[in-house]
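Quick note: the coordinates plus some simple rules give every number you see, no bench work behind them. Bear in mind that the values here come from a model prediction, so they are computed numbers and not experimental data. Here Cβ is always computed from backbone atoms with ideal geometry, including for glycine, and neighbour counts include all displayed protein chains.
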Amino acid sequence: MEEGKATEAAIAAEIQLPEAIIQRIQSLLSRKQAAQTTLLSKSWYRAWSTRPNLALDTRDFRSPSSFSAFAAKAMERYEESDLNIENLRLYLDVRNREYKSLATQLIIKALKIGVLNLTVEFRVADSVSPAAAAVVVESRVETV
């Protein structure tokens, strides 16, 4: 069998893993590595875009507008699909005024969706000491 045909046959015979298993694999990877798995197939992309552990971090984006658009689209996807977010980690540099109102909007949406664990980290100042530069808020939401 030619090398090209062997590769095509391997791709065509893709093993379909349950979405929960793909999401578990992705949860063990860094955000960047997990995002790279979306190139494997549509099922890996779908699993990544609906994972129960969501991290939104302004440091991963070049501009406030690109972060805002991504965060809004991600939250909208969970809201429209009636998906649960088990863990939401939100990092915002609130020295930028655009992020201040966005922080409130994202937190309210997450609580409406029913997030179970919420970690919010605000960068509030430039400082040599990381402890002095960031405020971290963690919350576990209990449903009644």
Separation of the LYS73 and ILE108 label points, Cα + 7 Å toward Cβ, nm: 2.4
Using 1/(1 + (r/R0)^6) with R0 = 30 angstrom and r between the beta carbons of LEU28 and ARG97, what's the FRET efficiency to the nearest 0.05? 0.25
Amide H contacts of ASP57 (H built 1.01 Å from N, under 5 Å, at least 5 apart or other chain): TYR91
Which net charge results when you count Lys and Arg as +1 and Asp and Glu as -1 among the other residues whose beta-carbon is under 11 Å from that of SER49? +4
When the dipole is taken about the Cα centre of the stretch 52-126, and only Lys, Arg (+1) and Asp, Glu (-1) are charged at their Cβ, what size is it in debye, to the nearest 20? 240
Checking the table LYS73/LYS100; LYS32/LYS109; LYS32/LYS112; LYS73/LYS112 against a 20 Å threshold on Cα-Cα, which pairs fail? LYS32/LYS109; LYS32/LYS112
Let me know the shape class of the stretch 52-126, please: from the alpha-carbon gyration tensor, a ≥ b ≥ c as square roots of the eigenvalues, rounded when a/c is under 1.5, otherwise prolate if a/b is greater than b/c, or oblate. prolate
